Amino acid sequence: MESSIKASAAQPLRVRSGEVELAVRIYGEAGRPSVVLVHGYPDSNQVWHKVAAPLSGRYRVVTYDVRGAGESSAPRHAAAYGLEHLVADLAAVLDAVSPEHPVHLAAHDWGSIQGWEAVCTERLKGRVASYTSISGPSLDHAGYWVAQRLRSGAPRKMAKVLNQLMRSWYIGAFHLPLAAPLAWRLGLDQLWPKLLERMEGIDAGPAPSQAKDGRYGVNLYRANFSRRLLAPRERRTGVPVQLVVPTRDRFVSLELLEGLDQWVDQLWRRDVAAGHWLQLSHPELVQRYIGEFVDFIEGGEEPAGLRRARVHAAPTAGKGGSTRRWAGKLAIVTGAGSGIGRETLLLLAEQGAEVVAADIDPAAAERSAELARLLGATAHARKVDVGDAKAMENFAGWVATALGAPDIVVNNAGIGMAGRFLDTGTADWERILRVNLWGVIHGSRLFGRQMVAAGKPGHIVNVASALAFAPSRMLAAYATTKAAVAMLSDCLRAELEEQGIHVASVCPGMVDTPITAATRFVGVDEDEQERRRAGAGRLYARRNLKPRAVAAAIVKALETRKPEVLVGAEAHGARLLSRLSPGLSRRLARMEVSLQAP
Amino acid sequence: MGGSSSNGWDPAIADLDGFRAAQKLAYRCAEAVAQELTPGITEREAAILMKRWLAASGAEDCFHQPFAWFGDRTAFEGFIGFRHLGGFNPAFYPGSRRLEEGMPFILDCAPTLNGYTADIGYTGCLGGNRILDRMMDDLLEYRVLILELVKQRQNLSEISRAVDRLCARHGYEPRHKAYPFQVLAHRVDKLPADGRKHRSVLNFGVRNLENLVRDAVRGRHEGWSPLWNGGNASDHPPTPGLWAVEPHLGFRGVGAKWEELLVVTADGAFWLDDDVPQVRRWLSRGLQPLAMAA
């Protein structure tokens, strides 16, 4: 097996483990770090083929059929499928393929349940260098998880247990005598690829051993579930563990991963907006995540994305009740040098996010980043003109290479403009469209693509205005750009929904920000502009709606994944009016408010 | 008080020495009490320590009795930030908040010594606090800015707004806006030195308050105000006399301020004393542009 094999050409090997013979495949050259991939139920090693072949360009990759699946032998009795036997199988494979060097383990579903057992058991101590776990918790951890939540008596925690139980309905069904094996024998195997395509949207292709995989694999559940869940053992590990979490897994709830850091010394977690079979739906991503982790554990650098994914022990919430809700997330805020942008940046920083402050004023961006650092965040500052396509492309490129795809993008940069439509010149229009609309287009498009490619279940927040639905003769250009931003967000939301990306438009009322002091009033001379700016400033100051209130609403909307965020009574009023009485809304649009000094 | 000119008053050199002595006394008091602060002490206890220290050191009256704020109360967060009724808020008075490790604190006292009244603010922290360090560094810019604009004879309201803009640039809340009348500064005057102890009502010295009210009534007729804020009443150039200037910044539950006497003359202005704790701190940290501040 250590002969030189071309990448992607697998070398078969039979390995004996007690009564059982296991079918092993080895890809890639010897002498490189070994990555062992373990499949779940009802799959065979074939489920890894999209990942194993490309990975074998850099590592020696080993896959094998778990007992009962694929070309491995299948004991008849359920008891032969106990975790201790599965770990013995893995040990036999490791003895055969890498007797001297510890391997990097990556496993999915039932493979992952075995993987947890492997990294926690004394038997394989020192044999596993790192573990990437996809969609399969330790049954012991799960047992504790259930017990802790039931014992708490808190309705919210009990509901989480119920939620997980409902996802696990099929496990109960598997315990019925005959039913599941019979179903696989009666043609479920033929139906399975179609079911996967229909339910999960993945093309698994027909597997020759599907009927066998399904039929014998049921024993995995029968042999282990009740035993481990009802009498869980304390299972800890010093092996570095990377969780890759499909956030739309129908079979494993995300809550099951809460508090995992109590068992694992070194833990990373990366979320992907995808279903259960991640290695089929996002093979490049799985391959990249495994590769980055293996390289890091082998002594390489920790890429920014991996560094952010580190799970740190949750610090006890301070008296202010501050939580680290956004720890491990990367947030980009444009126009972050002042006003709503700066406050949003700081609030996200305070709640644990790594932040990038982008602003056309580099000193202001740097100041925001510095404040974010004082709040304990990792923060970066970049000078960016959001209306400049080239500059935005460069900025997005820098983010992708230096930091990885963002989790949160707040397209906030904007300028103000007031005055009559007929007085608004072409240059004025070009200027405001460039920043207020093109800025949002560039930001949404460039970072939206990065999020989709990285499978990030992220957020795109576009800051519009209550004027998006409240017409006014005094603010024709500004209101037009903001209405466009709101509509852009609505369309984008429809498109990105299926990628798990949340798109929000934020419509604040009269917020007291520096934008009023920089607003251009068209059709009047410079002195009159100054007077009106001062007048608007006083009006907005008297309204006293703070940027911090908008920031709080934005961050809350990230949690609730709300599509539209209204801030201020006037925003709610205008929204209501635009729906209930558009006629009155049109009448009000004719009003002109004097901005002269009192 | 020596009201020589109608629009304020030009202090004599001898008077300045008296004010300087009062200010030094006030800062010595704050520094001495700051040294004694330990975890668990309440604001009220700290204020009483200051009051006793001042009384024992010869202060016969005050502009106000000593204030002490701990923790997020230094940033006037919560009920203390309630600004209605012109900012007169009972939460302003020293309360039962206990000092903890890492907490910022502000001590503010305004003793009258031989008829000369000072009003100072002193910010510190029990242990280290990175946010507070940064704010204290940044407070240097306010000292430079205010003096510069006063020398330019800009309207006091405009200077207030310039301070607000600097706060916005820094990312801080201008918390002096939570003070009564949102003052950035207020006048202090000379009282007759009669060698007797005097009373205060609701923690404010009666004689000093009386002066302030008299100034306010007079200023109203003459178009100036002894209370310096961003409102219309401060739409006038700096009035000669002594001003207790107190920019107060807030950021994420941390507040920082200094308060010092600014001497405004008919054609210039200068800080009464550069030998004050905050300036010594900036010097020790090598911060620029200190030459301008001094």
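I'm checking my understanding of the structure. Among residues of region B:161-170 that are out of contact with any Ser or Thr (no Cβ under 9 Å at 6 or more places or on another chain) and either modelled with pLDDT under 95 or within 14 Å of chain A (Cβ to nearest Cβ) (or both), which one is surrounded by the most Cβ atoms within 10 Å (Cβ to Cβ)?
B:Cys167
Go through region A:157-201 and tell me which helices (runs of 4 or more DSSP H), entirely inside it, have 3 or more residues that are surrounded by 12 or more Cβ atoms within 10 Å (Cβ to Cβ) and over 34 Å from the mean Cα position of the chain (by Cα).
Values: elements: A:169-174, A:179-183, A:189-200.
In region A:157-201, the matching helices (runs of 4 or more DSSP H) lie at A:179-183.
Going by the conditions given, is B:Leu209 away from chain A (no Cβ under 14 Å), closer than 22 Å to B:Tyr116 by Cβ and surrounded by fewer than 24 Cβ atoms within 10 Å (Cβ to Cβ)? Talk me through it step by step, then tell me what you get.
Working: away from chain A (no Cβ under 14 Å): yes; closer than 22 Å to B:Tyr116 by Cβ: yes; surrounded by fewer than 24 Cβ atoms within 10 Å (Cβ to Cβ): yes.
Against the criterion (away from chain A (no Cβ under 14 Å), closer than 22 Å to B:Tyr116 by Cβ and surrounded by fewer than 24 Cβ atoms within 10 Å (Cβ to Cβ)), B:Leu209 qualifies.
Quick one: is A:Ala400 crowded, with 17+ Cβ neighbours inside 10 Å and free of Cβ contacts under 8 Å to residues at least 60 places away in the same chain?
So A:Ala400 fits the description; yes.
Every residue in region A:261-277 that is touching a residue at least 12 places away in the same chain (Cβ under 8 Å) and either over 22 Å from A:Leu330 (Cα atoms) or not hydrophobic (A, V, I, L, M, F, W, C) (or both), please. Steps first, please.
First pass over region A:261-277, keeping only residues touching a residue at least 12 places away in the same chain (Cβ under 8 Å): A:261, A:263-277.
Matches in region A:261-277: A:Asp261, A:Trp263, A:Val264, A:Asp265, A:Gln266, A:Arg269, A:Arg270, A:Asp271, A:Gly275, A:His276, A:Trp277.
For residues that are polar (S, T, N, Q), surrounded by 19 or more Cβ atoms within 10 Å (Cβ to Cβ) and farther than 20 Å from A:Leu545 by Cβ, tally how many sit in region A:456-513.
3
Mind checking which pairs have a first residue in region A:112-140 that is at positive phi and a second that is assigned to a helix (DSSP H, G or I), Cβ under 8 Å, 6 or more apart or different chains?
That search, which allows pairs on different chains as well, returns A:Ser135/A:Ser112; A:Ser135/A:Leu278.
When you check B:Leu25 against the structure, is it within 18 Å of B:Ala244 (Cβ to Cβ) and buried (at least 19 other Cβ atoms within 10 Å of the Cβ), yes or no?
Numbers: within 18 Å of B:Ala244 (Cβ to Cβ): yes; buried (at least 19 other Cβ atoms within 10 Å of the Cβ): yes.
The answer is yes for B:Leu25.
Given the criteria assigned to a helix (DSSP H, G or I), without any contact (Cβ under 8 Å) to a residue 40 or more places away in the chain and small (Gly, Ala, Ser), does A:Ala91 qualify?
Here the answer is no, as A:Ala91 does not meet what is asked.
Can you name every one of the strands (runs of 3 or more DSSP E) wholly within region A:1-87 that holds 2 or more residues which are closer than 27 Å to A:Trp184 by Cα, out of contact with any strand residue (DSSP E or B) (no Cβ under 6 Å at 6 or more places or on another chain) and hydroxyl-bearing (Ser, Thr, Tyr)?
Qualifying strands (runs of 3 or more DSSP E): none found.
Hey, among B:Glu158, B:Glu148, which residue is acidic (Asp, Glu), surrounded by fewer than 19 Cβ atoms within 10 Å (Cβ to Cβ), more than 14 Å from chain A (Cβ to nearest Cβ) and more than 16 Å from the chain's Cα centre (by Cα)? Break it down into steps so the answer makes sense when it comes.
Values: B:Glu158 fails: more than 14 Å from chain A (Cβ to nearest Cβ).
Going through B:Glu158, B:Glu148 in turn, just one is acidic (Asp, Glu), surrounded by fewer than 19 Cβ atoms within 10 Å (Cβ to Cβ), more than 14 Å from chain A (Cβ to nearest Cβ) and more than 16 Å from the chain's Cα centre (by Cα): B:Glu148.
Hey, can you tell me all the residues within region B:106-145 that are on the phi > 0 side of the Ramachandran plot and either within 13 Å of chain A (Cβ to nearest Cβ) or of a type outside the set (Gly, Ala, Ser) (or both)?
Listed by number, the list holds a single entry, B:Asn114.
Please pick out the residue among A:Ala363, A:Ala357 that is surrounded by fewer than 19 Cβ atoms within 10 Å (Cβ to Cβ), within 14 Å of chain B (Cβ to nearest Cβ) and modelled with pLDDT of 95 or more.
Residue meeting the stated conditions: A:Ala363.
Before we move on, is A:Ala413 assigned to a loop (DSSP other than H, G, I, E, B), of a type outside the set (Lys, Arg) and at pLDDT 95 or above? Reasoning before the result, please.
Details: assigned to a loop (DSSP other than H, G, I, E, B): yes; of a type outside the set (Lys, Arg): yes; at pLDDT 95 or above: yes.
When the stated conditions are applied, A:Ala413 passes them.
Among the residues in region A:102-114, are any over 27 Å from the mean Cα position of the chain (by Cα), surrounded by fewer than 22 Cβ atoms within 10 Å (Cβ to Cβ) and assigned to a helix (DSSP H, G or I)? Break it down into steps so the answer makes sense when it comes.
Of region A:102-114, the ones over 27 Å from the mean Cα position of the chain (by Cα) are A:102-103.
Among the residues that remain, those that are also surrounded by fewer than 22 Cβ atoms within 10 Å (Cβ to Cβ) are: A:102.
Those still in the list that are assigned to a helix (DSSP H, G or I) too: none.
No, every residue in region A:102-114 fails to be over 27 Å from the mean Cα position of the chain (by Cα), surrounded by fewer than 22 Cβ atoms within 10 Å (Cβ to Cβ) and assigned to a helix (DSSP H, G or I).
Looking at A:Thr237, A:Thr247 in this structure, which one is in contact with a helix residue (DSSP H, G or I) (Cβ under 7 Å, 6 or more places away or on another chain), over 19 Å from A:Leu105 (Cβ atoms) and among the hydroxyl-bearing types (Ser, Thr, Tyr)? Break it down stepwise before answering.
Working: A:Thr237 fails: over 19 Å from A:Leu105 (Cβ atoms).
Of the residues listed, the single one that is in contact with a helix residue (DSSP H, G or I) (Cβ under 7 Å, 6 or more places away or on another chain), over 19 Å from A:Leu105 (Cβ atoms) and among the hydroxyl-bearing types (Ser, Thr, Tyr) is A:Thr247.
Working only within region A:366-408, note down all residues that are more than 14 Å from chain B (Cβ to nearest Cβ), over 18 Å from A:Arg307 (Cα atoms) and of a type in the set (S, T, N, Q).
Result: A:Asn394, single match.
Taking the conditions exactly as written (buried (at least 19 other Cβ atoms within 10 Å of the Cβ), within 23 Å of B:Phe92 (Cβ to Cβ) and in contact with a Leu (Cβ under 8 Å, 6 or more places away or on another chain)), does B:Gly71 satisfy them or not?
Considered against the rule, which asks whether it is buried (at least 19 other Cβ atoms within 10 Å of the Cβ), within 23 Å of B:Phe92 (Cβ to Cβ) and in contact with a Leu (Cβ under 8 Å, 6 or more places away or on another chain), B:Gly71 comes out as yes.
From the list B:Lys190, B:Lys177, exactly one residue is surrounded by 21 or more Cβ atoms within 10 Å (Cβ to Cβ), at pLDDT below 90 and touching a strand residue (DSSP E or B) at 6+ places or on another chain (Cβ under 7 Å). Which is it?
Criteria check complete, one pass: B:Lys190.
Which residue is nearest to the other protein chains (Cβ to nearest Cβ), if the candidates are limited to region A:320-347 and must be farther than 16 Å from B:Phe251 by Cα, surrounded by fewer than 21 Cβ atoms within 10 Å (Cβ to Cβ) and touching a Lys or Arg at 6+ places or on another chain (Cβ under 9 Å)?
Of everything passing the filter in region A:320-347, A:Ala327 is nearest to the other protein chains (Cβ to nearest Cβ).
Filter region B:242-273 down to the residues that are within 14 Å of chain A (Cβ to nearest Cβ) and among the hydrophobic types (A, V, I, L, M, F, W, C) and list them by number.
The answer is B:Leu249, B:Phe251, B:Val254, B:Ala256.
Taking region A:473-526 as the search range and keeping residues that are polar (S, T, N, Q) and in contact with a strand residue (DSSP E or B) (Cβ under 6 Å, 6 or more places away or on another chain), which one is farthest from A:Arg543 (Cα to Cα)?
A:Ser489
Give the residue that is surrounded by the most Cβ atoms within 10 Å (Cβ to Cβ), with candidates limited to residues of region B:41-59 that are under 21 Å from the mean Cα position of the chain (by Cα) and not in a helix (DSSP H, G or I).
Only one residue fits best here, namely B:Ala59.
Quick check: is even one residue across region B:222-230 under 19 Å from the mean Cα position of the chain (by Cα) and among the aromatic types (Phe, Trp, Tyr)?
yes
Which condition does A:Glu350 not pass, out of (1) within 14 Å of another protein chain (Cβ to nearest Cβ); (2) in contact (Cβ under 8 Å) with a residue 40 or more places away in the chain; (3) not small (Gly, Ala, Ser), if it passes all the others?
(2)
Examine region A:27-36 for a residue that is touching a residue at least 12 places away in the same chain (Cβ under 8 Å) and within 27 Å of the chain's Cα centre (by Cα), and state whether such a residue exists.
Taking every residue of region A:27-36 in turn, at least one turns out to be touching a residue at least 12 places away in the same chain (Cβ under 8 Å) and within 27 Å of the chain's Cα centre (by Cα).
The values are calculated or read from the model by the stated rules, or taken from the named source; none is laboratory data. Since we're looking at a predicted model, the values are computed, not measured. Because the Cβ atoms are built from the backbone with ideal geometry, glycine has one as well, and the counts that use them run over all protein chains shown.
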